[in-house]
Amino acid sequence: MLASILTGALLLLSAAPAILAAKPSPGCGKAPKLITSSASTPPGLTIQVNNKNRQYFVKLPANYDNTHPYRLIFAMHPVGGSGQQIATGSGISAYYGLPNLINDTVGAIYVAPTGLSGALGVGWWNNGGEDVSFVKSLIQTIENDVCIDQNLRFSTGFSHGAAMSFILACALGKDLRAVAVLSGSPQISGTCPGGTEPVAWYQQHGTRDQVLPIAGARQMRDRFLKNNGCAAKEAKEPARGQAHIKTVYECQKEYPTTFVAFDGDHTPSPKDPGAAKTFSDTYTWEFFSQFT
């Protein structure tokens, strides 16, 4: 009996991502200057990238410790939204509901950037790679000012924000630990630049999504199944009226990969039939928090 318990424990440990020593950013030990005094007051903070003023918000923990390296989590807004929308929770849970779930010893600093105007509104059109350049500049600026563990950078977003998180996984794979892609598409933020680096991958999508059909989501997933060295496995999808189905793949240990299909349309906060609460924020946080 004891032998079987020990064997099971060893298998769990062998499957878990390795714990990396924290890599403190240059901002560790400094008094921060990037605190957004009021998320309800636009435009938040600004930075000039490619001769354009770009806007973003930063959320520090209530008891921020400038000697403690935190996770850095980008929360990308959907088309027609803004960083202010994500920071204040206007029509969508603030920072996709993640700050309410943080109860570990690492904690997180959140960044909510704002995209640029396009044919369908403000979004992540990434013309000429300008939104990737924006995020790269934000990483450098923020990490020079506040204390970040440079091994623990993440991105999440819904719809167009999910597409941008996908693009960041393609373009900045070596710089991101994981992404959470909530009902995205592989086309709407341009082609996948690079796109061969492994990145830990969480994704969810509705089988009845009328805005961004699930076929595109499968394409995104399959790219990172290949990148992450995952074994072939059928990802079942629920029939109408059924609960969501979560598929966890066997991949390279450092790059866990999960796909969740739910019976529903285009939403960042899907609920199972009869459920009072979404699983989206919990699954995203569980996925991100496994990396320490």
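Worth pointing out:
To keep it simple, each residue is scored yes or no on (1) buried (at least 17 other Cβ atoms within 10 Å of the Cβ); (2) on the phi > 0 side of the Ramachandran plot; (3) β-branched (Val, Ile, Thr).
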residue: Gly91; (1), (2), (3): no, yes, no
residue: Tyr110; (1), (2), (3): yes, no, no
residue: Thr141; (1), (2), (3): yes, no, yes
residue: Ser165; (1), (2), (3): yes, no, no
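- The one condition from (1) under 21 Å from Ile167 (Cα atoms); (2) surrounded by 19 or more Cβ atoms within 10 Å (Cβ to Cβ) that Gln219 does not meet is (2).
- Condition check for Asp131: surrounded by fewer than 16 Cβ atoms within 10 Å (Cβ to Cβ) and acidic (Asp, Glu): no
- Matching residues, region 1-53, being among the polar types (S, T, N, Q) and modelled with pLDDT of 60 or more: Ser25, Ser40, Thr41, Thr46, Gln48, Asn50, Asn51, Asn53
- Residues of region 98-141 classified as under 26 Å from Gly27 (Cβ atoms) and within 17 Å of the chain's Cα centre (by Cα), total: 23
- Residue that is modelled with pLDDT under 95 and touching a Phe, Trp or Tyr at 6+ places or on another chain (Cβ under 6 Å), where the choices are Gly107, Gly89: Gly107
- Just one of the listed residues (Gln204, Gln150) is assigned to a strand (DSSP E or B), of a type outside the set (Lys, Arg), in contact with a Lys or Arg (Cβ under 7 Å, 6 or more places away or on another chain) and modelled with pLDDT of 95 or more, namely Gln150.
- Yes/no for Lys277 being farther than 20 Å from Ile214 by Cα, in contact (Cβ under 8 Å) with a residue 24 or more places away in the chain and assigned to a loop (DSSP other than H, G, I, E, B): no
- Taking region 218-276 as the range and being within 18 Å of the chain's Cα centre (by Cα) and more than 18 Å from Val199 (Cβ to Cβ) as the test, the residues that pass are Lys246, Ala261, His266, Thr267, Pro268, Ser269, Pro270.
- Residue count, region 241-267 (criterion: of a type in the set (Ser, Thr, Tyr), touching a residue at least 40 places away in the same chain (Cβ under 8 Å) and assigned to a loop (DSSP other than H, G, I, E, B)): 2
- Residue among Pro270, Pro193, Pro238 that is under 18 Å from Thr156 (Cβ atoms) and in a loop (DSSP other than H, G, I, E, B): Pro270
The values are calculated or read from the model by the stated rules, or taken from the named source; none is laboratory data. As the structure is a prediction and not an experimental result, all values here were calculated from the model. Note that each Cβ is placed from the backbone with ideal geometry, even for glycine, and that neighbours are counted across all protein chains shown.
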